[in-house]
Amino acid sequence: MDYNRILVTAALPYANGPIHIGHLAGCFLPADIYVRYQRAQKRDIKFVCGSDEHGVPITIRARKEGTTPQAIVDKYHKMIGDSFNDMGISFDIYSRTSSKGHHETAQAFFKKLYDDGIFEEKETEQFYDEEAKAFLADRYIIGTCPVCGNENAYGDQCEKCGSSLSPEQLKNPHSALSSSIPVKKKTKHWYFPLNKYEDFLKEWIVEGKKDEWKSNVYGQCKSWLDNGLQPRAMTRDSNWGVPVPLPNAEGKVMYVWFDAPIGYISATKELTPQWADYWQKEDTKLVHFIGKDNIVFHCIIFPSMLKAHGDFILPDNVPANEFLNIEGDKVSTSRNWAVWVHEYLKDFPEQQDILRYVLCANAPETKDNDFTWKDFQDRNNSELVAIFGNFVNRTFVLMHKLCEGRVPPLHEDILDEQDKAIIQAIKDAKTYVEQNIENYKFRDALYEVIDLARKGNKYMQEKEPWIVAKTLADNPENQMKIDNCMHLCLQLTANLAILANPFMPFTTQKMLHMMKVVDKMLEWENAGRLDLLKVKYPLRAPELLFKKIEDEQVKEQVDKLHEASAASKQQAEQETKSSAPVKEEIVFDDFAKLDLRVGTILHAERVPKTDKLMKIELDMGFEKRTVVSGIAQHFEAEAIIGKQVTVVANLAPRKMKGIESKGMILMAEDADGKLVFVSPVQQTAPGSEVR
RNA sequence: GGCGAGGUAGCUCAGGCGGUUAGAGCGCAGGAUUCAUAACCCUGAGGUCGAGGGUUCAACUCCCUCUCUCGCUACCA
């Protein structure tokens with residue numbers, strides 16, 4: 001279908017930390033490339049985003065840091081916004097969900113669904129942590145998944161089998177805040193009956209989007225739909241969030257995943273009075289750029305909400321990317337294993353385009369990918385510097401030397417095969433780049449841009465105008481050959497500017513300056529044209545578009561990564577030490593119930609088909625017994641034979657992997673998870689009591 | 001042990017309704033060249049497409065088994 005306008009959203013970053021390059025590569029950069037391209041096409045397009053500022057993690061962080069949630073989100077909203085701005089992510093608006101406008105929009109949306117009787121109102125017993133004095137958000141309850149039996153499923157989702165859950169379905173729930181057992185407390189909430197939208201979703205996605213959506217997105221949606229959907233509570237007990245706009249709803253706010261996607265709508269409202277055109281007219285193409293962790297919300301829940309509301313269009317596509325690893329390891333904010341955008345900008349000032357280039361060329365479009373600083377260096381040095389930058393530079397230098405600094409004429413009567421081939425290549429490049437971007441294949445599109453520069457280098461090499469110049473004394477007419485070559489190289493350069501613009505806007509601006517042309521030239525319809533630079537037009541001296549990345553810079557960054565990670569680990573260790581709370585006080589009789597004994601290891605062997613279990617024969621003095629212990633990753637079986645250990649001798653026996661374990665060997669564990677035996681410092685008779 | 005993804009040139013990866021000599025970029029070797037940020041250009045070496053078996057006239061591409069890697073998860077009380 002033909003669209004008359006486009007609305008692009010990029011996932012709202014969660015305002016409890018800065019953004020890293022994985023965020024850029026997965027979502028914001030592809031969105032920006034797409035948008036810049038569409039703008040160049042002069043299509044009516046809006047690009048909206050903003051900070052997601054509600055939700056439990058922010059309240060927890062505020063509590064931990066002794067400040068308010070508002071202070072936390074103010075800090076990161078500013079920081080994230082600056083990073084985007086500096087990287088050239090060209091939102092039409094970067095809003096925030098704590099804004100008044102968003103609260104009003106979200107409340108109106110909620111009220112409409114309420115008035116239409118969409119919600120199921122349920123008074124339930126909700127889990128409440130008496131120690132933390134708070135109702136527990138879904139993800140702060142851990143328990144056993146009803147679908148697959150995973151004991152560490154979260155209250156909203158089981159990461160093992162991917163099932164979308166509600167906390168009531170969990171077996172053996174416990175609080176992640178204080179690890180106390182949550183108690184049930186009565187509370188009223190409003191549920192969105194996702195199950196009633198299964199048929200709609202199946203028809204819309206499973207039937208309608210099969211060949212249109214990326215296979216990773218489609219496959220995940222299908223598996224959720226196959227497993228069946230449950231009603232989900234769309235409200236929470238909390239004081240941080242959008243208040244539920246109903247009487248008798250004090251202390252109730254909207255579920256953050258209810259209000260966050262509505263943030264796209266409120267941001268659009270804030271941007272333009274014509275906002276409704278972008279959300280309600282069928283001839284609008286709505287595209288959500290997200291990371292793969294957001295697929296369920298953007299493909300299942302939000303569309304159902306929009307459908308239920310009735311006034312809104314549905315997304316045309318949700319091109320979710322996979323994850324970007326760093327130097328072979330998964331990005332982890334808690335381990336501080338990440339390349340932070342604000343730090344990159346500090347370390348590589350004015351070099352945003354290198355990062356944009358590398359992240360796009362190696363984007364995790366079809367599978368998780370790895371970012372390494374070596375690759376960053378290689379791509380910069382051999383592709384941006386040697387191919388792209390060098391072509392532009394040598395073209396300008398030669399033009400100044402051989403053509404008096406002006407665009408030479410094109411003598412059509414002497415065009416040869418090579419000239420015609422390069423002209424065709426320029427025209428083809430437009431088509432290739434365009435088709436790939438339209439299909440969300442940004443890596444391939446960018447390859448075509450560089451490939452055009454590569455063809456330019458080859459063409460110039462074959463033409464050798466610097467050699468031809470030496471023949472001018474004898475054959476002055478050869479100037480025409482030089483003219484043609486340089487003319488085409490210059491037009492190719494102008495084309496490169498247009499094609500590279502969505503990907504590397506900063507570089508494009510430098511090129512425009514050198515060519516003394518204005519932004520209007522970048523309009524996409526100009527791509528493929530050979531008259532972008534007027535004959536005899538004087539051009540400026542070249543400036544280098546890219547500079548090499550030296551080995552030391554690579555080393556510095558890699559070191560920095562490891563140092564930051566080590567520092568964060570150390571900090572975590574200290575926090576563990578200082579914050580591991582001392583357990584509830586016990587009386588002597590409680591302690592006396594424990595029977596601790598010294599035992600000597602007689603024999604040890606790995607339990608087959610397990611990673612961690614070791615079967616250990618112990619001499620307890622009064623008897624020999626078998627204990628199964630989870631230490632196989634820390635010790636070799638032979639190495640521990642003869643060691644003396646402390647054993648809980650009167651622990652109830654328990655079967656593991658078919659072996660009855662009688663007792664438990666005490667271990668000390670440091671912050672690394674490394675295990676050490678707790679042993680008597682001198683040989684002690686087996687069976688000796690420990691008191 | 002379970003689930004998912006994956007094993008294609010030294011490296012990073014494409015690809016393939018099964019069908020002539022399996023691709024790209026980087027790296028490497030050699031050559032050419034000097035307009036250009038020792039850049040560009042040309043040529044070349046290099047792969048039994050993880051292993052084994054099966055289906056087929058024909059498999060790297062389909063099926064089965066195995067193996068290894070990565071992630072999640074289980075066993076740790």
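The values are calculated or read from the model by the stated rules, or taken from the named source; none is laboratory data. The model shown is predicted, which means the values in this text are computed figures rather than measured ones. All Cβ positions, glycine included, derive from the backbone under ideal geometry; neighbour counts span all protein chains shown.
How about segment A:365-418: which of its residues are assigned to a loop (DSSP other than H, G, I, E, B), farther than 17 Å from A:VAL554 by Cβ and near RNA strand B (Cβ under 9 Å from one of its atoms)?
A:GLU365, A:THR366, A:LYS367, A:ASP368
Do we find a residue being within 25 Å of A:TRP213 (Cβ to Cβ), near RNA strand B (Cβ under 8 Å from one of its atoms) and at pLDDT below 85 anywhere in segment A:342-364?
yes
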- [ ] Say whether the condition of being surrounded by 18 or more Cβ atoms within 10 Å (Cβ to Cβ), in contact with a helix residue (DSSP H, G or I) (Cβ under 7 Å, 6 or more places away or on another chain) and not hydroxyl-bearing (Ser, Thr, Tyr) is met by at least one residue in segment A:559-568.
- [x] no
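For the structure I just gave you, tell me whether A:VAL554 is farther than 30 Å from A:GLU65 by Cα, modelled with pLDDT of 85 or more and part of a strand (DSSP E or B).
The answer is no for A:VAL554.
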Open item on the list: With the requirement that a residue be under 13 Å from A:GLY663 (Cα atoms), touching a residue at least 24 places away in the same chain (Cβ under 8 Å) and of a type outside the set (Gly, Ala, Ser), what does segment A:603-640 give you?
Closed with: A:LYS615, A:ILE616, A:LEU618, A:ASP619, A:MET620, A:ARG625, A:THR626, A:VAL627, A:VAL628
Task: Candidates A:GLY219, A:GLY241, filtered to the one that is modelled with pLDDT under 90 and under 26 Å from the mean Cα position of the chain (by Cα) - done: A:GLY219
Open item on the list: I'm trying to understand the selection: among the residues of segment A:633-665, which are under 15 Å from A:MET614 (Cβ atoms), hydrophobic (A, V, I, L, M, F, W, C) and within 8 Å of RNA strand B (Cβ to nearest atom)?
Closed with: A:MET656, A:MET664, A:ILE665
Open item on the list: Among the residues that make up segment A:319-333, is at least one of them more than 15 Å from RNA strand B (Cβ to nearest atom) and within 19 Å of the chain's Cα centre (by Cα)?
Closed with: yes
Open item on the list: Can you go through A:TYR440, A:TYR447, A:TYR459 and tell me which one is in contact with a Phe, Trp or Tyr (Cβ under 8 Å, 6 or more places away or on another chain), surrounded by 15 or more Cβ atoms within 10 Å (Cβ to Cβ) and among the aromatic types (Phe, Trp, Tyr)?
Closed with: A:TYR440
- [ ] Considering only segment A:595-648, give the strands (runs of 3 or more DSSP E) lying wholly within it that have at least 2 residues that are β-branched (Val, Ile, Thr).
- [x] A:596-606, A:624-629, A:644-648
TODO: Check whether at least one residue in segment A:318-333 is in contact with a strand residue (DSSP E or B) (Cβ under 6 Å, 6 or more places away or on another chain), touching a residue at least 60 places away in the same chain (Cβ under 8 Å) and under 24 Å from A:PRO193 (Cα atoms), and report yes or no.
DONE: yes
Task: helices (runs of 4 or more DSSP H) completely within segment A:2-98 that count 2 or more residues being more than 23 Å from A:LYS281 (Cα to Cα) and among the basic types (Lys, Arg) - done: A:56-65, A:69-87
